[in-house]
Amino acid sequence: MAVPTTDPVEGLRADGTTWRRAWSLPDRLVLDFDGIAALEASDDGTVTVDRPLTPEMEQHLLIDHILPLLLARRGALVVHGAVLELGGRAVVLIGASGTGKSTLSAHAWQQGWTLGGDDGAVLDVQEGAVSVTSTHSTLRLTPEAAALVGIPAEEGAAAVGKRRLRTMRSGLPHRHGPAALHLVAEVQPAPVGSVADFTPLTGVAAHAALFGCTFHADLARGQLLRSVVNSLGTVVEAVSVGRLSVPRGRAGLASAEAVLRREVST
């Protein structure tokens with residue numbers, strides 16, 4: 001396969017370096033993961049890789065990167081977030097990588113919440129109502145996060161420096177089908193010993209928080225911009241959106257879970 005010579009849409013790390021280049025072409029999506037591999041995902045579902053990959057890396061790229069982008073390319077509204085449910089009401093946790101979405105999800109899961117997955121959430125907007133479905137029923141944790149919530153280091157399978165837990169095989173409540181969305185919470189880490197809190201967002205601030213975590217922002221040149229903006233506007237009007245401060249440590253997870261439980265019950 002050949003990487004296009006046109007200008008790509010670049011994914012940047014926090015330090016400004018490029019970790020991925022993307023090209024949205026008429027019949028396919030091309031992704032070049034810096035130093036790892038280049039992949040071509042055709043609209044017919046065929047995926048071609050430019051070099052051999054370990055099964056672990058192949059699964060990671062396909063499930064955690066290609067799948068949500070292809071769903072977005074086909075018109076689905078997909079955000080980078082974890083899906084939880086309590087009492088028939090779903091919550092999507094959004095935020096930058098490393099903010100603790102998966103760790104909080106694992107803790108909430110242990111406290112009786114139903115877990116969908118921790119990476120991609122498909123929002124379905126129908127006549128003012130919003131439902132959410134996880135792109136894939138897995139939870140990925142770093143060794144440190146797993147230790148924090150008391151999950152054995154050997155649990156699950158290796159997933160590029162993390163452990164991938166299959167929610168459907170855990171014995172804990174899981175869900176892959178759609179659930180009514182009640183709340184979107186942008187996770188923000190807070191210092192140890194501080195108090196967990198939920199701060200509502202409205203209008204432009206709520207819209208910006210959601211748009212910043214959509215997979216559509218990674219696609220080329222505003223191809224789906226209008227439909228994404230319109231759909232996110234409906235989401236902001238239909239569900240609560242806000243920032244959830246999550247203090248570091250096990251006590252902080254407990255206090256943040258209690259805040260989520262309160263918000264989803266109101």
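The values are calculated or read from the model by the stated rules, or taken from the named source; none is laboratory data. Predicted, not measured: the structure shown is a model, and the values here were computed from it. Every residue, glycine among them, receives a Cβ derived from its backbone with ideal geometry; neighbour counts consider all protein chains shown. The area values use the complete protein model at the heavy-atom level, side chains included, leaving out ligands, DNA and RNA. Shrake-Rupley method; radii C 1.70, N 1.55, O 1.52, S 1.80 Å.
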Lone unmet requirement of (1) modelled with pLDDT of 95 or more; (2) open to solvent by 50 Å² or more (accessible area, probe 1.4 Å); (3) more than 24 Å from Gly88 (Cβ to Cβ); (4) out of contact with any strand residue (DSSP E or B) (no Cβ under 7 Å at 6 or more places or on another chain) for Gln188: (4)
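On the basis of being of a type in the set (Asp, Glu) and open to solvent by 40 Å² or more (accessible area, probe 1.4 Å), does Asp197 make the cut? Working first, answer last.
Details: of a type in the set (Asp, Glu): yes; open to solvent by 40 Å² or more (accessible area, probe 1.4 Å): yes.
So Asp197 passes the test.
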Matching residues in the range 39-78 - criterion: being at pLDDT below 90 and over 17 Å from Thr135 (Cα atoms): Asp43, Asp44
Pairs where the first residue, in the range 111-129, is within 19 Å of Val241 (Cβ to Cβ) and of a type outside the set (A, V, I, L, M, F, W, C) and the second is open to solvent by 10 Å² or more (accessible area, probe 1.4 Å) and part of a loop (DSSP other than H, G, I, E, B), C-beta under 7 Å, 6+ apart: Gly116/Arg175; Gly116/His176; Gly120/Thr135; Gly120/His136; Asp124/Pro178
Residues satisfying the stated conditions in the range 1-18, i.e. of a type in the set (Gly, Ala, Ser), outside any strand (DSSP E or B) and at negative phi: Ala2, Ala14
Residue within the range 171-184 that is more than 19 Å from Ala90 (Cα to Cα), at pLDDT below 90 and open to solvent by 20 Å² or more (accessible area, probe 1.4 Å) present: yes
Subset of the range 120-142 (residues that are surrounded by fewer than 23 Cβ atoms within 10 Å (Cβ to Cβ) and either assigned to a loop (DSSP other than H, G, I, E, B) or out of contact with any strand residue (DSSP E or B) (no Cβ under 9 Å at 6 or more places or on another chain) (or both)): Gln126, Glu127, Gly128, His136, Ser137, Thr142
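For the structure I just gave you, tell me whether Gly112 is part of a loop (DSSP other than H, G, I, E, B) and at pLDDT below 95. Let's see the steps before the verdict.
Details: part of a loop (DSSP other than H, G, I, E, B): yes; at pLDDT below 95: yes.
So Gly112 passes the test.
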Subset of the range 191-230 [at pLDDT 90 or above, touching a strand residue (DSSP E or B) at 6+ places or on another chain (Cβ under 6 Å) and assigned to a helix (DSSP H, G or I)]: Ala206, Ala209
Matching strands (runs of 3 or more DSSP E) fully within the range 19-90 where at least 3 residues are of a type outside the set (Lys, Arg) and buried (at least 17 other Cβ atoms within 10 Å of the Cβ): 28-33, 37-42, 77-86
